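Report on the following structure.
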Amino acid sequence: EKRAAAASKWSTAISDAASRVWNLHRVLARRNDPVTRKNFLDAVSESRVPREFAGAEGRLMEVQIRNGGDGLMLNKANFYLFSLFWVQMSIGLGGRIQRLLKYDNGTLESDVAALYPAVRSASLSMVTELYDTKLSSSDAGDVNVGGTISMGGSYGVMGGSAGLEDAVFLGGGALGGSGMDSSEDYFSRADEAAGGGFFGATADAWTHVDSAGGDSEAGQGTRGAAAHSSASSSSTLAVFSSTEWTALQGETTSTDGSSSSSTGLLALQTAFLKESKKRLFAPLEFLFPEAVSVDENGIAIPVLPTLPSRYDIAKLDAIVREELSLADPRQGGGDFSMATMIGEMVVSMMHEFCVMASRSISETGEEHRALDSRSSSASESQTHNLNVSAVMSSLASFVRNAPENTFVNPYRPAQSTQHEEAAHSCRMALLPALREIDSLVKSSILDPLCRSLNRQVSAALAKMHRGTYLKESEDPMSQQQSSFVQIYLTDQYDAIAAKYLSQLPNEYAVTVASTVATFSIYSFVSNAALLRPLGEMSRLRLTQDLADFEMALEQLVFKGGTSLSLSQIANGKPYAELRAVRQLLYWAALEDRTLSPAEVAKGLLRDAWVKDLRPSTLFHFLFSFAPALLTSPHHFKRVDAGEYVSNTLVKLDGSVEDGEASAWMTTMACCDAYQQRESVDGGDYTDGDRRIGAILMVLGPELLRRRRQ
């Protein structure tokens, strides 16, 4: 409260002087000399700017040069007396703040920096009031300066324009005949406390002769109320984009080659952000300590770092909300516009936390982080990484809820548009921190975990090529008991759900379950398409396994903590292909021996379910109808079918796009080799359909063209 009162007192004095300069500028622009008929503002613009305002003249000159103007002197046609005052005030304010920050070797820097929220709030109210005053006076077109704003004092007919004869304005000495009470001269007292003059000349002496100090004190309450009402009536965006606010915010100016200075509130803002960052970063010093262990011989043993506890994360949340509350006028005395500024400091703190967390993640090779192939259990390093993901999830939850808990929830059930907007601005400012947390967890924890799990699933799916579907059993009971999915996959998916998905936070478990399900579908379909030969009974067993496989994956995704179905994962493409395979298994166009290869291919392309299949799936399935002389793609590559699928068609992260072109090149190579062998052997064989090679050459380009579209 004391800081707010001091800031209000300071802003009141600045507002008082600024409004009088603005009134002076209006009067000079509207009045002419009764003898020469020359406009007073033109007369002032033609005179030399006092040396006390040389800094403001230089800053305005720089702006004029940047705008393509003359660099020799200010443009007299657009001479603006108020700009000279305001820029010089900002320069003097910046110098005073820097002297206060450096006082006694910076021992008061933290105390001075703590004034920034209150000073910024008071400054915004002051600029808003001045903006409304200038806007209303320009709209009204009234020359009665004394009625422009309630200042509580006496003005002359010319709005105090007798100050034009003042020796200070014309480059002379001290002010004379003002009659101002030194106890109420806020500028003089502030300048003395800061160790020097503010402007070199008191600007309000140009336009105002104060009759009594009591009027100024009486006007403070009314000005505070006017500022509060004007803040709600003016456009916030217009105020922030105004030249007055920009100048008051300040900028860095170089004084010589070794040092630099700043104007306005920039030095105070920089000091505040420095102290805020120091408070935010202080708890990080004690997080993720390196654990040390030695064996019986005294040799150091590498030990995984200790992770933050729930208490540590809750403490970080409290510190973040405490810093954000400085932007709440009721709690921290600041202004809602500070929410974005403080949010950026929180983002930098979260970045440092993520750097420390990344160092704590197990850096052993992925082969050591993989789960045990016999027990499907996680290694120690993998369990440690799962715990890191839980820590990051808790932190992300606190960051996500911090704006709501800081600006909205403390005032419920009351609702305020300003609090809602502040929470929204803060939420937008904190988005980079949430993205960095998600990126760290995904790249360092979830992706290696998914690759480990998918590697195990791939090894299980490769077992379907060990004769599971080659036995033409006629006993339906034995067929039911020898379901491939129930023997090799169902228990594995249950183990993944129990040992991994249950330990992961819900948002991360969904990612792992979706990735494993996507990889499993693509890998199952690709392996099934490579089965050869594929008789009628094998098709029936494969159809039953497709139903069991779909049910097992639905359970896996459900245990992952999501309400999504398989048809909603990865835009539904994997599930659509799984459903299309059932149609493919009973495609019977080849039974008509009278059809040419082109007619068979065109008929196949007209089927609606073909668009859901990858080209490689259709290519490889057609090999099951081909003569033995047409070598299968994995045999042509001289690798196992499972290895061909995992290395070429389906990557461990579930991506499939890169393998389609390679699969087509291998298919063409197989067809070329088949044609050469057929020409040599003379075609004396009846173990398959000789049209397959020609059908593949017709289908390939068209399917790839559709895939690219």
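Details
- Accessible area per residue for segment 613-709, computed on protein heavy atoms with a 1.4 Å probe, is 46 Å².
- Taking all Cα-Cα distances within segment 384-447, those exceeding 15 Å account for 56%.
- Segment LEU590-GLU404, length gained on full extension (0.36 nm per residue, minus Cα span): 60.5 nm
- For segment 427-466, with all protein chains in place and a probe radius of 1.4 Å, 51% of the accessible heavy-atom surface sits on carbon or sulfur.
- Phi angles across segment 449-466 convert, under the Karplus curve 6.51 cos²θ - 1.76 cosθ + 1.60 with θ = phi - 60°, into 3J(HN,Hα) values of 5, 5, 5, 5, 5, 5, 5, 5, 5, 4, 5, 6, 5, 5, 6, 5, 8, 8 Hz, Gly and Pro given as x.
- Over segment 613-676, relative contact order from alpha-carbon pairs under 8 Å, at least 6 apart, %: 40
- Here segment 620-638 and segment 18-36 have alpha carbon centers that stand 96 Å from each other.
- Here is the size of segment 418-473 from its Cα atoms: Rg then Dmax, 23.2, 74 Å.
- The packing ranking of peptides 600-611, 656-667, highest mean first, is 656-667, 600-611, where packing means the average number of other beta carbon atoms within 10 angstrom of each residue.
- A cut-off of 5 Å between modelled amide H atoms, ignoring neighbours fewer than 5 places along the same chain, links LEU307 with no other residue.
- Farthest toward the positive end of the dipole of segment 558-604, out of SER596, LEU564, LEU578, is the Cα of LEU564, where the dipole comes from beta carbon charges about the Cα centre.
- According to the Cα-based calculation, Rg over Rh for segment 430-556 is 1.09, with Rh computed by the Kirkwood formula.
- Pairs beyond 22 Å (Cα-Cα), from LYS102/LYS274; LYS573/LYS611; LYS102/LYS315; LYS315/LYS499: LYS102/LYS315; LYS315/LYS499
- Distant-in-sequence amide H partners of SER261 (H built 1.01 Å from N, under 5 Å): THR253, SER254, THR255
- Anisotropy class of segment 608-667 from Cα gyration tensor, a/c 1.5 cut: oblate
- At R0 = 41 Å, FRET efficiency that the Cβ-Cβ distance of SER679 and GLU554 yields, to 0.05: 0.25
- Cut-off 17 Å (backbone N to label point 7 Å along Cα→Cβ of ASN506), residues of segment 556-577: 557-565
- The Cβ shell under 14 Å around GLN415 holds other residues with a net charge of -2, Lys and Arg each +1, Asp and Glu each -1.
- Integer Hz, Karplus 6.51/-1.76/1.60 couplings in order for segment 4-13, x for Gly and Pro: 5, 5, 5, 5, 5, 5, 5, 5, 5, 5
- Length added when fully stretched, LEU605-ASP104, from 0.36 nm per residue minus Cα-Cα: 171.9 nm
The values are calculated or read from the model by the stated rules, or taken from the named source; none is laboratory data. Keep in mind it's a predicted model, so treat the numbers as computed, not measured. For neighbour counting, all protein chains shown are included, and Cβ atoms are generated from backbone atoms with ideal geometry for every residue, glycine included. Ligands, DNA and RNA are stripped out before the accessible areas are found, and what is left, the full protein with its side chains, is counted by its heavy atoms. Shrake-Rupley method; radii C 1.70, N 1.55, O 1.52, S 1.80 Å.
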